[in-house]
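The values are calculated or read from the model by the stated rules, or taken from the named source; none is laboratory data. Fair warning: this is a prediction, and the values are worked out from it, not measured in the lab. Cβ placement follows ideal geometry from the backbone for every residue including glycine, while neighbour counts extend to all protein chains displayed. These area figures cover heavy atoms from the full protein model, side chains too; ligands, DNA and RNA do not enter into them. Shrake-Rupley method; radii C 1.70, N 1.55, O 1.52, S 1.80 Å.
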Amino acid sequence: MRDGGLKHRDYSVEGYLGSSEVEPEIVILDNVITQTDVDEYQNIINFKEHEIEDLAERCLEQITSNHLELKQYAGHPIFDVKVIQYKHDEYPVPLHGTDDDIVVMCNFTKGWKHHWGGEVIFYENSEPSEVITSFPGRVIAVSNACAWKVTQPNIKAEQNLLYLTFKVKKQ
């Protein structure tokens, strides 16, 4: 780590985000996770693994029971469940979907303000193609092999950005 600077990770935008040549297939859902849910799970970063997996199962059930675009995934197995915390002093890890499953990202950050940053940027041919604002309770589902990243919050952010992420098998 460099003294006085950001923690650096070697993630080549050209090599990683540039590997996606497909147009992102995304579904954005608001108010699936209620503000009450966001309030209740503020300490999600401290959950045990089985608690995080249980929450992911409940999120998928809520998503598939109320939204036609994702109803086909009801009861499908979930895997690769994790909570990702985005901080202003760390570079975010780029993400990449596959054609075999969907990636679901659920924002569990109470009171997030849009001017704090943390946008989700999707890429096609190394160029940004979609920019989505992080919002408490927002769910983003990615259903193909596109690349994206969540930008780091800016230094004015009063808290870290929290996403529960998991994958769902398509078949």
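Listed by position, the strands (runs of 3 or more DSSP E) inside the stretch 118-170 whose residues that are of a type outside the set (A, V, I, L, M, F, W, C) and within 24 Å of Gln72 (Cα to Cα) number at least 3 are 161-169.
Just one of the numbered conditions (1) open to solvent by less than 50 Å² (accessible area, probe 1.4 Å); (2) touching a residue at least 12 places away in the same chain (Cβ under 8 Å) is not true of Thr64: (2). Output the number of the condition that Gln171 fails; it satisfies all remaining conditions of (1) over 19 Å from Glu69 (Cβ atoms); (2) exposed (fewer than 15 other Cβ atoms within 10 Å of the Cβ); (3) at pLDDT below 95. It fails just one condition, (1).
The residues listed here are Ser143, Ser134; of these, the one that is more than 12 Å from the chain's Cα centre (by Cα), more than 17 Å from Ile52 (Cα to Cα) and surrounded by 21 or more Cβ atoms within 10 Å (Cβ to Cβ) is Ser143. Going through (1) in contact with a helix residue (DSSP H, G or I) (Cβ under 9 Å, 6 or more places away or on another chain); (2) modelled with pLDDT of 90 or more; (3) open to solvent by less than 70 Å² (accessible area, probe 1.4 Å); (4) under 16 Å from Tyr163 (Cβ atoms) one by one, Lys82 falls short only on (3).
Scanning the stretch 93-113 for residues that are within 22 Å of Glu23 (Cβ to Cβ) and in a strand (DSSP E or B) gives Leu95, His96, Asp101, Ile102, Val103, Val104, Met105.
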